[in-house]
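The values are calculated or read from the model by the stated rules, or taken from the named source; none is laboratory data. What you see is a predicted model; the values in this text were computed from it and never measured. Neighbour counts run over all protein chains shown; Cβ positions are idealised from the backbone, glycine included.
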Amino acid sequence: MPLPLFILAGAAVASALGIGAGVKGGMKYKEANDTAENAQKRHNHNIEKYNKQEKSTITTMDNLGKKELEVLGSFEKFQELFEKIKNKPDFEKILTTKEKITNPDFTIEKLKEVSIGASLLLTGLGGAAAGTAGGFAAAGATTAAVMALGTASTGTAIASLSGVAATNATLAALGGGALAAGGGGMALGATVLSGITLGVGLLVGGIIFNIVGNSMSEKADEAYNQMLIAEKKINKVCSYLEELNSYATKFFTSFTRISEKYFENLNLLTVLIENFKKTDYELYNLEEKKCLENTVYLVSILYSMCKVKLVVQSNIKDEPNKVNKDEIDKAVFETDLYRF
């Protein structure tokens with residue numbers, strides 16, 4: 001039976017309304033979808049930038065931290081060689097004869113203690129997470145080495161722990177993850193590393209679709225705003241990491257120059273004392289005396305450099321740590337004055 005005309009007419013009107021609303025809703029959906037996609041792409045780009053900068057900084061800091069521990073670990077060898085020499089000047093007197101090296105805050109005995117702690121930390125680096133060695137550089141490798149001979153939060157002597165357990169316990173005592181990896185010092189978490197999801201279901205069907213389109217636009221705008229907030233935090237951390245990487249590289253270059261000269265002199269002393277059995281300072285020629293004196297100076301300089309904290313830890317939530325620029329610049333400037 002044919003449908004009445006007014007029913008057909010009503011259906012036609014409803015269909016027309018539905019099509020119009022659907023077109024309008026489709027446009028809103030496209031705009032919302034474009035906004036959400038742009039937010040996600042930009043967020044992914046920001047995360048990629050952050051990961052790249054973090055990796056670069058971690059590598060630089062880890063290289064520095066490891067080299068500092070290697071140098072500190074070698075001081076026990078120097079101490080053993082020095083004590084074999086008879087009729088030598090006092091360790092402190094040798095230092096006071098050198099311009100700008102006066103009243104060192106350590107003794108020849110202190111070197112052995114620091115060396116043992118550094119060697120303990122070195123044994124655990126192989127199984128430690130990336131950024132651990134950098135954490136020691138951030139806190140000052142000398143401080144870390146001394147801390148390694150202390151007590152963990154559990155009450156257990158750190159030195160009694162083995163390998164990575166001792167390394168992790170020392171890092172925890174220094175401030176833990178806030179200093180590891182160069183120490184972002186910010187609760188990045190999901191805000192930085194997780195993606196933004198729109199979470200809007202697609203409801204197809206005329207006027208219903210149009211109503212949902214408004215909600216979709218709001219959620220897309222919300223997602224975009226979340227991205228902007230995350231971007232601001234990411235940029236702040238990236239700026240900090242970039243600055244830390246730059247200063248750590250400068251410090252590493254200066255430290256490497258001095259450490260290479262130190263190991264060169266240490267090898268000469270080793271040959272002189274262990275191979276040629278020359279242990280009487282009074283029988284040394286001028287060149288041999290100079291070698292001993294320079295080695296003492298170099299030990300003092302390296303010890304002082306390893307005390308420098310590259311990072312000042314932030315106590316403010318959501319704020320990055322600070323690069324200890326003044327101390328780094330001072331150490332590099334003073335170190336570059338010496339020519340051996």
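Condition check ((1) closer than 30 Å to SER215 by Cα; (2) of a type outside the set (A, V, I, L, M, F, W, C)) across all residues:
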| residue | (1), (2) |
| --- | --- |
| HIS43 | yes, yes |
| GLY73 | no, yes |
| ILE85 | no, no |
| ASP90 | no, yes |
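Can you name every residue in the range 313-325 that is of a type outside the set (S, T, N, Q) and surrounded by fewer than 17 Cβ atoms within 10 Å (Cβ to Cβ)?
Once the filter is applied, which keeps residues that are of a type outside the set (S, T, N, Q) and surrounded by fewer than 17 Cβ atoms within 10 Å (Cβ to Cβ), the range 313-325 yields ILE316, LYS317, ASP318, GLU319, LYS322, LYS325.
Where residues in the range 44-93 are among the basic types (Lys, Arg) and under 21 Å from the mean Cα position of the chain (by Cα), which of them is farthest from GLY135 (Cα to Cα)?
Looking at the filtered set, the residue picked out is LYS49.
Go through the range 238-294 residue by residue and tally those that are β-branched (Val, Ile, Thr), surrounded by 14 or more Cβ atoms within 10 Å (Cβ to Cβ) and over 36 Å from the mean Cα position of the chain (by Cα).
Summing the residues that are β-branched (Val, Ile, Thr), surrounded by 14 or more Cβ atoms within 10 Å (Cβ to Cβ) and over 36 Å from the mean Cα position of the chain (by Cα) in the range 238-294 gives 2.
Report whether or not PHE255 is part of a helix (DSSP H, G or I) and out of contact with any Lys or Arg (no Cβ under 9 Å at 6 or more places or on another chain).
No.
So which of ALA248, ALA230 ends up being more than 30 Å from GLU92 (Cβ to Cβ) and touching a His at 6+ places or on another chain (Cβ under 7 Å)?
The match here is ALA230.
Inspect the range 100-115 for any residue being modelled with pLDDT of 90 or more, assigned to a loop (DSSP other than H, G, I, E, B) and either surrounded by fewer than 17 Cβ atoms within 10 Å (Cβ to Cβ) or on the phi < 0 side of the Ramachandran plot (or both) and give the result as yes or no.
No: zero hits.
Restricting attention to the range 301-317, report how many residues are modelled with pLDDT under 90 and either part of a helix (DSSP H, G or I) or over 16 Å from the mean Cα position of the chain (by Cα) (or both).
So the count comes out to 3.
List the number of the failed condition for PRO320; all other conditions in (1) assigned to a helix (DSSP H, G or I); (2) modelled with pLDDT under 95; (3) touching a Phe, Trp or Tyr at 6+ places or on another chain (Cβ under 7 Å) hold.
(1)
Is it the case that the range 326-337 has a residue that's buried (at least 16 other Cβ atoms within 10 Å of the Cβ) and at pLDDT below 90?
yes
Could you identify the single residue in PHE6, PHE78 that is in a helix (DSSP H, G or I), among the aromatic types (Phe, Trp, Tyr) and at pLDDT 80 or above?
On inspection, the qualifying residue turns out to be PHE78.
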